[in-house]
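Written out below as structure tokens is the structure these notes cover.
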Amino acid sequence: MSRGNRIALACIYWAFVLYVFVPLILMILMGFKDSKFIGFPIRSWTLDWYTRIFSDAEVLHTFGYSVIIAVLSTLISVAVGTWIAVLLEGRKFWGRAFTFGMMVLPALVPGIISAIAFRIYARWLEIEPGMGAIIWSHAVHNVPFVSLVVMARLSTLPKSQIEAARDLGADPLIAFLRITWPYLVPAILGASVFCLLLSFDDFVRSFFLGGYEPTLPVLIFAMLRSGMSPEINAISTVALVLTAAIGIWAERFTRKAKKGST
Amino acid sequence: MSNEASVSNAPDGLAKTEGERSFWGWLANWGPYQTLMSVVTLSPRRQFFILAAFPILWLLTQHLGPMLQMLHVSLLDAYPVAPDVAQEFSLESYLKFFGDHIFWMPLFRTLIFAAVFTLSTLLITYPVAYFLARHVSRKNQMLMLLILLIPFWVGEIVRTYAIMILLGNTGALNLALKWLGLIDRPIPFMYTSFSMGLGIVYLTALYMLLPLYSALEKLPKSYNEAAADLGAGAWTRFRRVTLPLTIEGISSGCTLVFLISTGFYATPVLLGGPSTTVFAETIAGFFHVAGDEWPTGAAFAVIMFLVALLITGVFQRLMKSLRKGDSS
């Protein structure tokens with residue numbers, strides 16, 4: 001590869017980094033602008049919008065509501081997803097391919113169709129739109145991601161460790177709890193953080209299954225439909241900083257845990 | 001950890017005979033637990049059914065259930081069914097789709113848009129993935145990939161809003177163009193297929209980048225060197241070696257991005273204009289009005305899902321034959 005090509009490729013990479021970051025940086029800057037009018041240039045700066053959202057009961061309430069939904073749906077997806085992964089990984093049984101297909105289905109269905117299918121199913125099951133319905137839809141949607149991550153980790157588990165445990169007299173359950181489970185913990189933690197972020201950021205399912213209380217993305221969407229305002233910038237910036245911080249922490253954590261175990 | 005080490009390190013509680021001191025030893029020797037385990041582990045077959053019952057039930061009722069119920073509702077002539085009226089099946093909702101261009105045009109448009117956005121994402125991210133996989137040292141690779149991951153943890157709505165600020169009439173792009181003296185009056189980027197495309201590519205780029213990166217990363221450098229030794233130029237090496245051997249990554253990235261970009265609802269609503277109504281908006285419309293429009297909405301969702309699956313299926317078949325054709 002010639003030197004010219006290499007420089008050209010490096011330029012494309014950095015241009016892509018700019019494409020990915022510039023819109024977010026502009027959005028953050030706009031949240032500090034001392035004017036209700038969204039647009040450049042910015043002449044004077046203020047923290048007013050932040051003090052305003054942090055003293056706004058509705059915004060704070062919505063934030064807490066979204067966090068509770070994310071945590072509860074994550075707990076369900078992790079429990080179910082891990083169970084499915086243990087069933088599917090390294091086991092041959094009749095209908096395994098079909099079971100695997102069913103497992104990944106929610107991850108492949110386009111967002112709007114998934115939301116509508118859940119909406120119809122919720123009415124059939126007589127689940128009222130609201131917190132329970134949102135938690136349920138997020139949990140079902142996130143199960144495939146947990147299962148895939150846990151299956152990948154399980155496939156690297158040395159089978160001899162389980163056999164050794166069984167030889168020493170452990171029954172299958174104790175062997176699972178003492179050998180398999182600790183081995184899976186880093187993968188499960190990584191998957192949990194991923195689920196938390198997916199649920200916290202989800203718009204389309206929360207929108208179609210929500211009652212009168214909006215989640216944070218639904219609130220931002222509703223505010224946007226009535227016009228842009230620096231308050232939205234402040235709310236979005238807080239959400240962005242939190243998600244990015246949790247994501248980076250999880251990435252570092254899982255990398256360290258993986259290094260430690262091998 | 002080697003096998004020997006793991007055996008000798010085996011926790012003492014594992015052995016039923018010597019485990020009295022630990023919780024695990026106590027559990028293993030506890031009467032009710034032993035009875036339970038002797039019932040459960042009587043045969044491997046029974047053990048398997050106990051392990052499998054819950055997940056299979058979950059998959060059938062939670063993963064397949066919503067899709068089947070959607071299909072069911074799409075075939076009804078009214079929903080919800082009134083208590084003293086018998087359920088009537090009809091294909092009316094499906095026929096409605098073909099009857100009016102305000103229904104099938106948005107689907108057609110959505111598919112064209114999704115194809116264009118998928119191709120754009122591929123063209124934008126391939127060089128990026130190529131650069132990361134081939135020209136960056138292993139240590140920096142993870143860091144540079146991690147940098148790109150950060151914005152992708154941020155949700156759909158926030159990133160769509162960021163694009164709105166970039167492209168608005170008083171947005172940064174117009175300001176920059178004006179400052180450079182290229183324009184006098186702002187260009188209305190917003191509420192066009194361009195703004196919508198930029199937003200959707202922004203949202204889906206990572207789903208393309210990661211499969212491409214892993215395909216390129218797996219490709220041994222020696223293949224390219226061998227081709228060079230045999231006298232192939234840079235372009236020939238790329239076209240005859242790199243491209244065919246990364247088709248798997250291209251194919252899975254494109255499938256993923258295509259399916260995801262047909263499913264966007266909020267982004268087209270916020271960034272698109274009246275001439276870019278996508279099928280997601282059409283479908284959603286039936287759920288914001290009276291209940292008896294639900295069969296139509298369900299039927300349209302089924303049509304969209306089947307068409308999207310058909311297209312990605314044909315596409316994957318095509319890519320597979322392309323790969324075979326090249327390797328022979």
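The values are calculated or read from the model by the stated rules, or taken from the named source; none is laboratory data. Keep in mind it's a predicted model, so treat the numbers as computed, not measured. Don't worry about glycine lacking a Cβ; one is built from the backbone with ideal geometry, like all the others, and counts go over all protein chains shown. Accessible surface areas use protein heavy atoms only, side chains included; no ligands, DNA or RNA. Shrake-Rupley method; radii C 1.70, N 1.55, O 1.52, S 1.80 Å.
Being within 13 Å of chain B (Cβ to nearest Cβ) and either in contact with a strand residue (DSSP E or B) (Cβ under 6 Å, 6 or more places away or on another chain) or without any contact (Cβ under 8 Å) to a residue 24 or more places away in the chain (or both) is not true of A:ARG119.
Residue-by-condition table, conditions (1) open to solvent by less than 40 Å² (accessible area, probe 1.4 Å); (2) at pLDDT below 90; (3) closer than 17 Å to B:PHE113 by Cα:
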position	(1), (2), (3)
B:ASN169	no, yes, no
B:ALA176	no, yes, no
B:TRP179	no, yes, no
B:THR204	yes, no, yes
B:ALA215	yes, no, no
B:LYS221	no, yes, no
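Selection of region A:27-37 for residues being open to solvent by 20 Å² or more (accessible area, probe 1.4 Å) and either assigned to a helix (DSSP H, G or I) or under 24 Å from B:ILE150 (Cβ atoms) (or both) yields A:ILE28, A:LEU29, A:PHE32. Residue count for region A:54-84 satisfying the condition of being over 19 Å from A:PHE203 (Cα atoms), more than 14 Å from chain B (Cβ to nearest Cβ) and open to solvent by less than 60 Å² (accessible area, probe 1.4 Å): 1.
Close contacts from region B:173-198, counting a first residue that is without any contact (Cβ under 8 Å) to a residue 24 or more places away in the chain and a second that is part of a helix (DSSP H, G or I), with Cβ to Cβ under 6 Å and a gap of 6+ residues or different chains, come to B:LEU173/B:LEU166; B:LEU173/B:LEU167; B:ILE183/B:LEU177; B:PRO186/B:ASN174; B:PHE189/B:LEU167; B:PHE189/B:SER195.
A quick yes/no check of all residues on (1) surrounded by fewer than 19 Cβ atoms within 10 Å (Cβ to Cβ); (2) aromatic (Phe, Trp, Tyr):
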position: A:PRO144; (1), (2): no, no
position: A:THR156; (1), (2): yes, no
position: A:SER160; (1), (2): yes, no
position: A:LEU168; (1), (2): no, no
position: A:ALA175; (1), (2): no, no
position: A:SER199; (1), (2): no, no
position: A:PHE203; (1), (2): no, yes
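The number of residues in region A:225-241 being modelled with pLDDT of 90 or more and more than 15 Å from A:PHE32 (Cβ to Cβ) comes to 1. The residue that is most open to solvent (accessible area, probe 1.4 Å), among those in region B:254-276 that are away from chain A (no Cβ under 13 Å) and modelled with pLDDT under 95, is B:PRO274.
Within region A:90-105, how many residues turn out to be more than 10 Å from chain B (Cβ to nearest Cβ) and in contact (Cβ under 8 Å) with a residue 40 or more places away in the chain? Residues flagged as more than 10 Å from chain B (Cβ to nearest Cβ) and in contact (Cβ under 8 Å) with a residue 40 or more places away in the chain within region A:90-105 amount to 1.
The residue of region B:133-148 that is nearest to A:VAL204 (Cα to Cα), among those that are more than 7 Å from chain A (Cβ to nearest Cβ) and of a type in the set (A, V, I, L, M), is B:LEU145.
Being under 24 Å from B:GLY273 (Cα atoms) and not aliphatic (A, V, I, L, M) is true for just one of B:ARG138, B:ARG134, B:ARG185. Which residue is that? Just one listed residue meets the conditions, B:ARG185. Going by the conditions given, is A:PRO214 outside any helix (DSSP H, G or I), modelled with pLDDT of 90 or more and more than 8 Å from chain B (Cβ to nearest Cβ)? It is true that A:PRO214 is outside any helix (DSSP H, G or I), modelled with pLDDT of 90 or more and more than 8 Å from chain B (Cβ to nearest Cβ).
The rows are residues; the columns are (1) closer than 20 Å to A:ASP167 by Cα; (2) modelled with pLDDT under 80; (3) assigned to a helix (DSSP H, G or I).
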{"site": "B:VAL7", "(1), (2), (3)": "yes, yes, yes"}
{"site": "B:GLY13", "(1), (2), (3)": "yes, yes, yes"}
{"site": "B:GLU20", "(1), (2), (3)": "yes, yes, no"}
{"site": "B:ALA53", "(1), (2), (3)": "no, no, yes"}
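B:SER2 meets the conditions (1) within 10 Å of chain A (Cβ to nearest Cβ); (2) at pLDDT 70 or above in every case but one. The failed one is (2).
Among the criteria (1) over 26 Å from the mean Cα position of the chain (by Cα); (2) open to solvent by less than 60 Å² (accessible area, probe 1.4 Å); (3) touching a residue at least 12 places away in the same chain (Cβ under 8 Å), the one A:LEU24 does not fulfil is (1).
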